[in-house]
Amino acid sequence: MQARQSIRIPSPLIRLDSVSRLEWVCRQLLTSARGNNYLGFDPYDGLNSSLFARSGLSGFRYARIAWTQFNKHFPANIRSWVGTKPHVNPKGLALFLSGAVDLSHRRPDVLPDCADLTARIESTISEGYSGACWGYPFPWQGRSFFLPRHTPTVVATAYVASALLDYYKMSKQERWLNLARSACDFILQDLNLQDEGEGICFSYSPIDNTRVHNASLLGAALLARVGSISEEQLLIDRAVEAARYTVGHQNADGAWLYGKDVNQRWVDHFHTGFVLDCLDGIAHASPEAFIIESVERGYAFYLRKMFTSEGRPKYYAGQTNPLDAHCYAQAILTLARKSDARLACRVARFAVADLWRPQGYFGYQHRRYYRNRVSYLRWSQAWMFMAFARLSREVGDVDGSLGGAR
């Protein structure tokens, strides 16, 4: 504990006790990202390495996994040494856009950033599919399948389209609603559908058949949100069917395993948060009793098992380490969505104490025996920006204090 408290933090963040200081964090992150033209690195971009491509190992599955994990966990950023260039990630742009929309309610000077981000997002659409969709700017080898660079996924597409809906809600510009509606066609027509008589499950991408709860529900939540705006009951009905599948696979203790395959049987923090947020969103579009009850049981498990006694987010249900930027950000977002302001603000303070760097960014992870201070634009900075912006909007009093959220 003492080691974390010794981290040098700029004076405006010594006491994270006001909305203005939450916004100060947001400004640091947004200014830095904008200044770098939203170019950055990612924990999973190892396969973009020109050195690895020339090694002759890129055609072997286990070599791809090993190289990706080495780049991900090495405590220094070696990418410039191995020929990996910074890139623009559409999902990272989307997270910044959603955060900027939230921030603009108190800081209208970020409105130009919103317009800039939507234009950038529109320019990164993956072509050749039934609707608008987005992928990652690097090849990715997972436990179950390999995705070539720019292959669209339901996760990236759902976050991008959701951000466009956030901007549409503020700007009332129909083009962004239309683009989000187009993304629904990608989900319904291009993804592989698992129908086991207990609801449906959308695949992660058009080229796999995995059954991953958070990924399927991210697509479903987008269908529900668009359907509520466009008054298309079919979209809402499909979302409810996907919710039925995931609710049917909820554990007795309220948890969800990551996926159904034997190599996907773990419970972690941010994917649990995704499931809770998505089910809650679907319930807002269609308040089915089975969804509401499932969220209540899931949230009770989440509070009981996914935080330490002092309020730090655990990475896994039974394991605190590593302290991870994505876990902190998702915890803030899920808690803010459930109006748990006290714990959300406590997590934000821990995020600053544990992960903030004096250079003005959040480090990736603190592991048991070492700290990984690499700056990852999508995984750490974009997620934290959106989380702090959402918190500043949700819990700020009119006088700018966090009030009883201490």
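Laid out as a table, the results:
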item	result
Any helices (runs of 4 or more DSSP H) falling wholly within segment 205-292 and containing at least 1 residues that are under 19 Å from the mean Cα position of the chain (by Cα) and among the acidic types (Asp, Glu)	269-285
Residue, surrounded by the most Cβ atoms within 10 Å (Cβ to Cβ), within segment 248-273, restricted to residues that are acidic (Asp, Glu) and modelled with pLDDT of 95 or more	Asp268
Within segment 303-342, considering residues that are touching a residue at least 40 places away in the same chain (Cβ under 8 Å) and hydroxyl-bearing (Ser, Thr, Tyr), the one surrounded by the most Cβ atoms within 10 Å (Cβ to Cβ)	Thr334
Cross-chain or 6+ apart pairs with Cβ under 9 Å, segment 171-182 first and within 8 Å of Ala161 (Cα to Cα) and without any contact (Cβ under 8 Å) to a residue 60 or more places away in the chain, then among the basic types (Lys, Arg) and crowded, with 20+ Cβ neighbours inside 10 Å	Ala180/Arg225
Segment 6-34: number of residues that are of a type in the set (Ser, Thr, Tyr) and modelled with pLDDT of 50 or more	4
Segment 64-75: number of residues that are among the charged types (D, E, K, R) and surrounded by 20 or more Cβ atoms within 10 Å (Cβ to Cβ)	1
Residue within segment 383-395 that is modelled with pLDDT of 95 or more, crowded, with 19+ Cβ neighbours inside 10 Å and in a loop (DSSP other than H, G, I, E, B) present	no
Ser80 among the polar types (S, T, N, Q) and closer than 24 Å to Ser126 by Cβ	no
Scope segment 155-177; condition of a type in the set (S, T, N, Q), in a helix (DSSP H, G or I) and more than 22 Å from the chain's Cα centre (by Cα); matching residues	Ser171
Qualifying positions in segment 84-137 - small (Gly, Ala, Ser), within 17 Å of Ala382 (Cα to Cα) and either in contact with a Lys or Arg (Cβ under 6 Å, 6 or more places away or on another chain) or not in a helix (DSSP H, G or I) (or both)	Gly92, Gly135
Test result for Ala180, of a type in the set (A, V, I, L, M, F, W, C), crowded, with 24+ Cβ neighbours inside 10 Å and part of a loop (DSSP other than H, G, I, E, B)	no
So Gly298, is it crowded, with 20+ Cβ neighbours inside 10 Å, closer than 22 Å to Trp134 by Cβ and not charged (D, E, K, R)	no
Evaluation of Asn77 against (1) free of Cβ contacts under 8 Å to residues at least 60 places away in the same chain; (2) closer than 28 Å to Leu22 by Cα; (3) assigned to a loop (DSSP other than H, G, I, E, B) (one fails), failing number	(1)
Number of positions in segment 56-70 that are at pLDDT 95 or above and more than 17 Å from Leu147 (Cα to Cα)	1
Conditions (1) surrounded by 20 or more Cβ atoms within 10 Å (Cβ to Cβ); (2) closer than 21 Å to Leu191 by Cα; (3) within 21 Å of the chain's Cα centre (by Cα); (4) small (Gly, Ala, Ser); number of the one not met by Gly142	(1)
Pair list, Cβ < 6 Å and 6+ apart or interchain, from segment 222-235 residues that are closer than 12 Å to Ser286 by Cα to residues that are basic (Lys, Arg)	Leu223/Arg238
Qualifying residue in segment 168-177 (condition: within 28 Å of Val262 (Cα to Cα) and in contact with a Leu (Cβ under 9 Å, 6 or more places away or on another chain))	no
Residues of segment 76-103 that turn out to be closer than 23 Å to Gln28 by Cβ and surrounded by fewer than 19 Cβ atoms within 10 Å (Cβ to Cβ), as a count	4
Conditions (1) of a type outside the set (D, E, K, R); (2) over 24 Å from Ala158 (Cα atoms); (3) in a loop (DSSP other than H, G, I, E, B); number of the one not met by Ala300	(3)
So Ser339, is it at positive phi and not hydrophobic (A, V, I, L, M, F, W, C)	yes
Scan of segment 183-198 for residues that are crowded, with 16+ Cβ neighbours inside 10 Å and under 27 Å from Leu47 (Cβ atoms), ordered by number	Ala183, Phe186, Ile187, Asp190, Leu191
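The values are calculated or read from the model by the stated rules, or taken from the named source; none is laboratory data. Nothing here was measured: the structure is a model prediction, and the numbers come from that model. Methodologically, a virtual Cβ is constructed for each residue, glycine included, from the backbone with ideal geometry; neighbour enumeration extends over all protein chains shown.
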